[in-house]
Amino acid sequence: MLPCALRPDVLAGVSVLVAGDAAQVAEHLASLGAGTSALEADLLDEEAVRAAVAGGPAPHVLVVGAAAAFSAAGAGHDGLRQCVDGAWNAVRAVADGRWIEREDQESGRRGKVVLLAPAPGAGLHARAARAALENVARTLSTEWARYAITTVAILPGDATQPHEIAELTAFLASPAGDYFTGCAFKLGLSHPAQA
């Protein structure tokens, strides 16, 4: 069990869809009461992602484990493509297929996106991947504000521990996270040049 500053049931009733490999984050969210499910599709296959999203209920939160995609594909151009294109395919499929056309009648809020970027030292193109994901979060926060969709990016430092990422993700998925959009949360940076 991860150390936690949030109350145990803070995510009760919140459904979270996890795209990419973010198992520890998903486990932590579930331990706080969230209903979690995995987006079972190759994130680079747009049609497969859209089909997977169409088959399930609309989640409250989409978490995209883009850091794992970057590492799995290698730190070169393939990793950059897997990270950024895969994240975009997941975000667009969920927003288009589940949030933009539908509205949560109780709260008026349609969805939250949390993008998990690689650490700056994860490879040659890690900084480019981080910048791209931050740009996606900032741009979509403006573009999709009219749909009540919030977007943020978590940019861990090289020394950031997985539980720190999981805890921040849980906070952002909670009602307290409703107030953040277009933000890039930089964790564990010892020097501003690492951003």
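With 93, 132, 170 as the choices, which residue is out of contact with any Lys or Arg (no Cβ under 8 Å at 6 or more places or on another chain), within 19 Å of residue 39 (Cα to Cα) and either part of a helix (DSSP H, G or I) or not basic (Lys, Arg) (or both)?
Answer to the check: 170.
Given (1) surrounded by 16 or more Cβ atoms within 10 Å (Cβ to Cβ); (2) farther than 16 Å from residue 68 by Cα; (3) among the hydroxyl-bearing types (Ser, Thr, Tyr), where does residue 169 come up short, assuming only one miss?
Of everything listed in (1) surrounded by 16 or more Cβ atoms within 10 Å (Cβ to Cβ); (2) farther than 16 Å from residue 68 by Cα; (3) among the hydroxyl-bearing types (Ser, Thr, Tyr), residue 169 misses just condition (2).
Take the residues in the stretch 150-191 that are among the β-branched types (Val, Ile, Thr) and under 13 Å from the mean Cα position of the chain (by Cα), then tell me which one is nearest to residue 31 (Cα to Cα). It would help to see each step written out before you state the result.
Taking the stretch 150-191 as the starting set, the residues that turn out to be among the β-branched types (Val, Ile, Thr) are 150-152, 154, 160, 165, 169, 181.
Narrowing the set further to residues that are under 13 Å from the mean Cα position of the chain (by Cα) leaves 150-152, 154, 165, 169, 181.
On the way: 150: 23, 151: 23, 152: 22, 154: 20, 165: 15, 169: 13, 181: 25 Å.
My answer is 169.
Please count how many residues of the stretch 22-44 are under 16 Å from residue 8 (Cβ atoms) and in contact with a Ser or Thr (Cβ under 6 Å, 6 or more places away or on another chain).
Matching residues across the stretch 22-44 total 3.
Out of 176, 145, I need the residue that is surrounded by fewer than 17 Cβ atoms within 10 Å (Cβ to Cβ), within 17 Å of residue 91 (Cβ to Cβ), of a type in the set (A, V, I, L, M) and modelled with pLDDT under 95. Which one?
Numbers: 176 fails: within 17 Å of residue 91 (Cβ to Cβ).
145 is the lone residue from the list that is surrounded by fewer than 17 Cβ atoms within 10 Å (Cβ to Cβ), within 17 Å of residue 91 (Cβ to Cβ), of a type in the set (A, V, I, L, M) and modelled with pLDDT under 95.
The values are calculated or read from the model by the stated rules, or taken from the named source; none is laboratory data. Values in this document were obtained by computation on a predicted structure and should not be read as measured data. Note: ideal-geometry Cβ built from the backbone for every residue, glycine included; neighbour counts use all protein chains shown.
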